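**Q** Sharing a structure below in structure tokens format, with a few things to ask.
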Protein chains: 2
Amino acid sequence: MTRQQSRSGGGRRRASHSMESVLEEAVALLDEAGAPALTFRALAQRLGGGVASIYWYVANKDELLDLAADHAMGPVLADVEKLPRSDDPIDDLRVMAITLFDAIVQRPWLSAYFMRNTSIQTHTLGLYEKLGQQTLRMNLTASQRFHAVSALVGVVVGSAVDLGQEPTQEMLDGNVDRDEYLHRVAQDWRDLDPQEFPFVHEIVDEFDGHDDVDQFRSALELTLTGLRLQAGA
Amino acid sequence: MTRQQSRSGGGRRRASHSMESVLEEAVALLDEAGAPALTFRALAQRLGGGVASIYWYVANKDELLDLAADHAMGPVLADVEKLPRSDDPIDDLRVMAITLFDAIVQRPWLSAYFMRNTSIQTHTLGLYEKLGQQTLRMNLTASQRFHAVSALVGVVVGSAVDLGQEPTQEMLDGNVDRDEYLHRVAQDWRDLDPQEFPFVHEIVDEFDGHDDVDQFRSALELTLTGLRLQAGA
DNA sequence: GGTACGATAGAACAACGTTCGATGCGATGC
DNA sequence: GCATCGCATCGAACGTTGTTCTATCGTACC
């Protein structure tokens, strides 16, 4: 049981796919309605074929998701490789991380499958490499370099999990948007006892209507300054 | 349709639960075999009751998972509150974050449901507050405090997602343990072209057999030194 | 023109979350 | 003591999901 690229085109009754088209439609489904929307039946219908045919290209759903995520990472890797190099590796790391984060903002489902299986996620591995190459320009040990890149990936993923969460039922119904949801939670927090929750009261106005990008940028900056200090620059 | 605590004890044929017992057994299932093991049928069997009864206590599976996660956070919050205070808020933040991370290491399934719905996750909100209270001792703006705690939570969650991933089929079969899995991935990496992947080759020995705790500690330290610099101490 | 094989697909299966309707049980009112 | 009422429980069913089995199509090759 191997799989292979099929020549494009095909008959009228029988559908003829290709790895490319399968992943393309899978990503389209994920983009349209998130991870729950990607089912084998929905995908088969979009491809105009049968359900079992998809199993010719992927072993199971996990592999489908890993491959779809990596497929979406292709353009991101290309963008990162296109980025101009400055003379400060930390500046380069910053813009790379932001590029990666932006991609996840536009495709929140990515956060769950990013860097899960580098054996088949070649683009993702490429991104990991490109991030790491910047640390090669810094005065660090191999261990510090490994941990630095892990930390950066962790910051991106950690900030992105909020985005990756499936919207609540209310948000899907369209009754309520993100700002209103945030506002409700903020109101809950304001109702808490100020004696017992002084911090929550201190920051509730910041939380209400906050921007995820700002949040990520702050976290990224903390890690980057820590890294700069470690490199002794 | 409200729900309520039932008095303990019960008949022979009909089972009698309580919110406590439901969450207790749910956590037990999660501990034993991870998130996929927590099904309503398995949970009902453990409680010696019917499937539909569980819906008296929780609205759906999402709520069950949120509540189970928060239930598991109870002792963690207690531990954090018991922690002695030093005169350095950053030191306190460090030990708090480590306490939290350790809890997730022992219960990897926690990472996916941590801080998802603070309206019903009271213990989790308490942890958020305790972390934040340390930033109140530092010279920061409200915005900086909010972002600092978000960053710390992000580091914990970001480092923990690796742990939260369900083991591969091979690992479940028991054919292969974590070290061997890491070793295989490392071998894949060593087979890559050194010209194209200089960084991967630089750190592959660090990756092979690495400790997740070390990885987390390094990431945490970077964020904390960044934070210390920001507070101008 | 037959054959081997890459590729497709319908139907079935088991498991899951969830809902429905009926039923048991314990306290309350008389 | 008995009927009532509402909390709590449960079996059975429904729709959907991932996955597998088996049969078939179509094309390149000898």
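**Q** Any residue in region B:6-21 that is modelled with pLDDT of 95 or more and either of a type in the set (V, I, T) or away from DNA strand D (no atom under 13 Å from the Cβ) (or both)?
**A** No, that holds for no residue.
**Q** So A:R46 clears everything in (1) in contact with a helix residue (DSSP H, G or I) (Cβ under 8 Å, 6 or more places away or on another chain); (2) within 17 Å of A:Q106 (Cβ to Cβ) except one condition, right? Which one?
**A** It fails just one condition, (2).
**Q** Additional query: Checking A:A44 against (1) modelled with pLDDT of 95 or more; (2) under 24 Å from A:M73 (Cβ atoms), which single condition isn't satisfied?
**A** With respect to (1) modelled with pLDDT of 95 or more; (2) under 24 Å from A:M73 (Cβ atoms), A:A44 is out only on (2).
**Q** Next question. Being of a type in the set (A, V, I, L, M, F, W, C) and facing chain A (nearest Cβ under 8 Å) is the filter here; which residues of region B:217-227 pass it?
**A** The answer is B:A219, B:L222, B:L224, B:L227.
**Q** Among the helices (runs of 4 or more DSSP H) contained in region B:142-233, which hold 1 or more residues that are among the polar types (S, T, N, Q), free of Cβ contacts under 8 Å to residues at least 24 places away in the same chain and in contact with a Gly (Cβ under 6 Å, 6 or more places away or on another chain)?
**A** B:212-230
**Q** Another question, if that's okay. From the residues in region B:29-39 that are part of a loop (DSSP other than H, G, I, E, B) and of a type outside the set (V, I, T), which one is surrounded by the fewest Cβ atoms within 10 Å (Cβ to Cβ)?
**A** B:G34
**Q** Show me the helices (runs of 4 or more DSSP H) found entirely inside region A:40-131 where at least 2 residues are surrounded by 21 or more Cβ atoms within 10 Å (Cβ to Cβ).
**A** A:61-82, A:89-106
The values are calculated or read from the model by the stated rules, or taken from the named source; none is laboratory data. It should be emphasised that the depicted structure is a prediction, and the values quoted were computed from it without experimental measurement. Cβ: placed from backbone, ideal geometry, glycine included. Neighbour counts: every protein chain shown.
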